[in-house]
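The values are calculated or read from the model by the stated rules, or taken from the named source; none is laboratory data. In this text the structure is predicted, and so the values were computed from the model without any measurement. Here the Cβ positions follow ideal geometry from the backbone for every residue, glycine too, while neighbour counts run over all protein chains shown.
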Amino acid sequence: MTENAQTLLDATALGSIYALMAIGIGLVFGVLRLVNFAYGQLVMAGAYALALTQDAPVVLSIALCFAVVLALSLAMEFAAFRPLRRASPMTMLVATFAISYLLQSIALVHFGAIGKIVVVIPQLTQPLTIGSLHVRWITIVTILVAICVFAALTLFLNRTSIGLQMRAASIDSQTARLLGVRANAVITVAVLISGVIAAIVAVILPMAVPERILVTPDYALRETIIVLVGVVVGGIDRLLTATLGGFTIGFAVGALSGFLPSSGDWPFTSSVYLDSAVFMLVIVVLLLRPEGLFARPHRSAVERV
Amino acid sequence: MLEVRGLEVRYGTVPAIRGVDLDVRRGEIVGLIGPNGAGKSTTLHAIVGVVRASKGEIRVAGTQVQGQPPERIVRLGVGLVPEGRRIFAELTVEENLRLGLCGRRSKAGSREALEGVHELFPILREARRRHAGTLSGGQQQQLAIGRALVAEPDVLLLDEPSLGLAPTVVDAVFDALRAIRERGLTILLVEQRAQRTVAFADRTYVLSNGEVRMTLGPADASDTDRMIAAYFGS
């Protein structure tokens with residue numbers, strides 16, 4: 001019982017991290033129709049910033065992490081996304097593959113293949129005991145941070161003028177521009193928010209996922225791929241469904257790795273067959289609901305006469 | 001207010017419009033009619049900056065606008081009610097109108113502009129919290145017009161506002177246009193409904209094969225032979 005509760009809490013925390021990444025990817029997809037495969041490398045850059053400033057005060061270290069990730073986000077926007085504004089989505093996707101591998105190669109050349117340890121706030125990795133339940137603080141913090149980010153973003157999108165413009169640009173960017181919405185300004189804000197979220201993930205991930213304490217050039221790459229799958233499974237057209245998709249796949253990964261025994265025969269070993277089990281679920285979902293797990297059936301209200 | 005001189009737009013190597021000249025003076029309602037594929041929408045799209053003109057000049061209140069992005073052209077005083085209304089169905093009526101405010105040159109007067117549109121189309125006030133997609137077709141058209149009006153454009157372009165609407169609703173749309181005309185707004189109206197447009201507008205250009213074939217006045221609306229000649233060539 002206790003063990004199940006612990007597994008479910010851990011799975012919720014992992015789902016929260018994936019949901020955060022899904023928000024970051026979904027926000028930019030909304031306004032640019034661009035699937036940013038290089039999103040994980042933003043997290044990687046942030047994690048390196050933390051690893052290289054281990055001796056500095058933690059506040060400074062985290063501030064530097066945010067600065068690096070935001071600068072890199074803007075660099076991506078100005079050097080790659082903006083020149084490709086009129087390119088097809090396929091061209092832009094391939095360009096983000098290139099950016100991803102470029103950044104990994106730079107990291108490999110500069111920092112080598114051997115991982116660097118990231119310890120951000122060691123106190124947060126200590127367990128908190130509630131009855132017979134041992135929960136690490138970071139598990140709770142991760143879930144709370146994800147909830148806060150989602151709430152803040154919802155408020156931003158619904159209550160501010162730039163948020164409204166962002167929603168309009170996500171629905172129909174040409175009509176939005178014809179009304180005077182400044183496309184480039186809206187996109188830059190979306191890229192910056194997406195960068196802030198990547199920086200938050202860079203701070204949380206090394207503490208929340210034990211094997212992610214080592215930063216390597218391909219850091220967060222696996223997470224990015226799984227999140228992208230989750231976003232497609234959830235329905236990429238809407239931020240909420242994309243976020244739920246990210247959460248669901250993260251939760252599924254966490255729960256399967258907790259509930260499947262770690263040794264034994266196929267298909268019961270989580271260490272070997274975890275990804276197979278997750279992607280089998282993905283195939284089943286896409287066969288049953290190709291438009292996305294949480295997508296609403298299409299309505300044609302606009303066509304009314 | 002709006003001057004178009006020698007406008008040419010090409011799709012690839014195919015010219016969609018060739019040497020189009022248009023004039024819309026302050027306070028005037030000018031019609032633009034013509035058969036499908038004549039280049040009516042292309043002309044509007046060139047004016048608002050969605051397609052690039054390969055030749056010619058477009059001036060709004062004396063300012064040259066060609067080559068500018070759409071979001072800047074809106075701020076130079078061009079409002080568009082696009083074909084098919086293009087309202088944001090999943091946003092509320094109020095949010096749709098607030099988006100229209102983005103095209104204003106200054107924030108001052110936004111409240112008054114919204115009030116003005118609410119007075120013109122009271123349904124937009126009553127339904128302000130509803131999703132725009134739940135409005136009827138005619139109400140959606142009122143929203144699309146109101147959304148363009150809150151920016152207080154110098155010239156309002158309407159791209160086939162009666163398209164796909166039931167006949168009684170078309171009457172309502174023309175009533176709305178009449179009400180706007182009384183406020184002294186300058187309008188360029190692109191329409192398929194030739195007779196109605198010719199009767200309604202101060203002047204109407206007939207576009208065919210990408211060229212302005214002739215200009216008609218309201219009196220021509222009842223001259224069926226001239227209307228047919230204008231459309232199909234004599």
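Suppose we filter the stretch A:53-93 for residues that are surrounded by 14 or more Cβ atoms within 10 Å (Cβ to Cβ) and among the acidic types (Asp, Glu); how many remain?
Going through the stretch A:53-93 one residue at a time, the tally reaches 1.
If you go through the stretch A:179-212 one residue at a time, how many are closer than 22 Å to A:Ile143 by Cα and buried (at least 19 other Cβ atoms within 10 Å of the Cβ)?
So the count comes out to 16.
Only one of (1) at pLDDT 90 or above; (2) exposed (fewer than 15 other Cβ atoms within 10 Å of the Cβ) is not met by A:Thr96, so which one is it?
(2)
Under 29 Å from A:Val68 (Cβ atoms), among the charged types (D, E, K, R) and over 19 Å from the mean Cα position of the chain (by Cα): does that describe A:Arg182?
Judged against the criteria, A:Arg182 is a match.
Take the residues of the stretch B:142-153 that are at the interface with chain A (Cβ under 10 Å from one of its Cβ atoms) and part of a helix (DSSP H, G or I): which is farthest from B:Glu90 (Cα to Cα)?
Residue satisfying both the conditions and the ranking: B:Ala148.
What number of residues within the stretch B:154-169 are within 15 Å of the chain's Cα centre (by Cα) and assigned to a helix (DSSP H, G or I)?
Residues meeting the conditions: 0.
For the stretch A:164-173, indicate whether the set of residues that are touching a Ser or Thr at 6+ places or on another chain (Cβ under 8 Å) and away from chain B (no Cβ under 11 Å) is non-empty.
No, there is no match, as no residue in the stretch A:164-173 is touching a Ser or Thr at 6+ places or on another chain (Cβ under 8 Å) and away from chain B (no Cβ under 11 Å).
Residue by residue through the stretch B:90-130, note down the ones that are within 8 Å of chain A (Cβ to nearest Cβ) and either more than 20 Å from the chain's Cα centre (by Cα) or not hydrophobic (A, V, I, L, M, F, W, C) (or both).
Those that are within 8 Å of chain A (Cβ to nearest Cβ) and either more than 20 Å from the chain's Cα centre (by Cα) or not hydrophobic (A, V, I, L, M, F, W, C) (or both): B:Glu90, B:Leu91, B:Glu95, B:Arg98, B:Gly100, B:Gly103, B:Arg104.
Restricting attention to the stretch B:26-45, report how many residues are in a helix (DSSP H, G or I) and either within 14 Å of another protein chain (Cβ to nearest Cβ) or more than 12 Å from B:Ala16 (Cα to Cα) (or both).
3
Go through (1) in contact with a strand residue (DSSP E or B) (Cβ under 7 Å, 6 or more places away or on another chain); (2) closer than 19 Å to A:Thr216 by Cα for A:Ala113 and report which single condition fails.
Here A:Ala113 meets the rest and fails (1).
Would you say B:Tyr205 is assigned to a strand (DSSP E or B) and more than 22 Å from B:Arg85 (Cβ to Cβ)?
Yes.
Scan the stretch B:204-224 and tell me whether some residue there is closer than 16 Å to B:Val173 by Cβ and touching a helix residue (DSSP H, G or I) at 6+ places or on another chain (Cβ under 9 Å).
Taking every residue of the stretch B:204-224 in turn, none turns out to be closer than 16 Å to B:Val173 by Cβ and touching a helix residue (DSSP H, G or I) at 6+ places or on another chain (Cβ under 9 Å).
Here's a check for you: in the stretch B:46-86, which residue that is more than 10 Å from chain A (Cβ to nearest Cβ) and in a helix (DSSP H, G or I) is farthest from B:Ile17 (Cα to Cα)?
Here the answer is B:Ile47.
For the stretch A:238-256, indicate whether the set of residues that are of a type in the set (Gly, Ala, Ser) and at pLDDT below 85 is non-empty. Show your work before the answer.
Of all residues in the stretch A:238-256, those of a type in the set (Gly, Ala, Ser) come to A:242, A:245-246, A:250, A:252, A:254-255.
Checking the rest, the ones that are also at pLDDT below 85 come to none.
The answer is no, given that none of the residues of the stretch A:238-256 is of a type in the set (Gly, Ala, Ser) and at pLDDT below 85.
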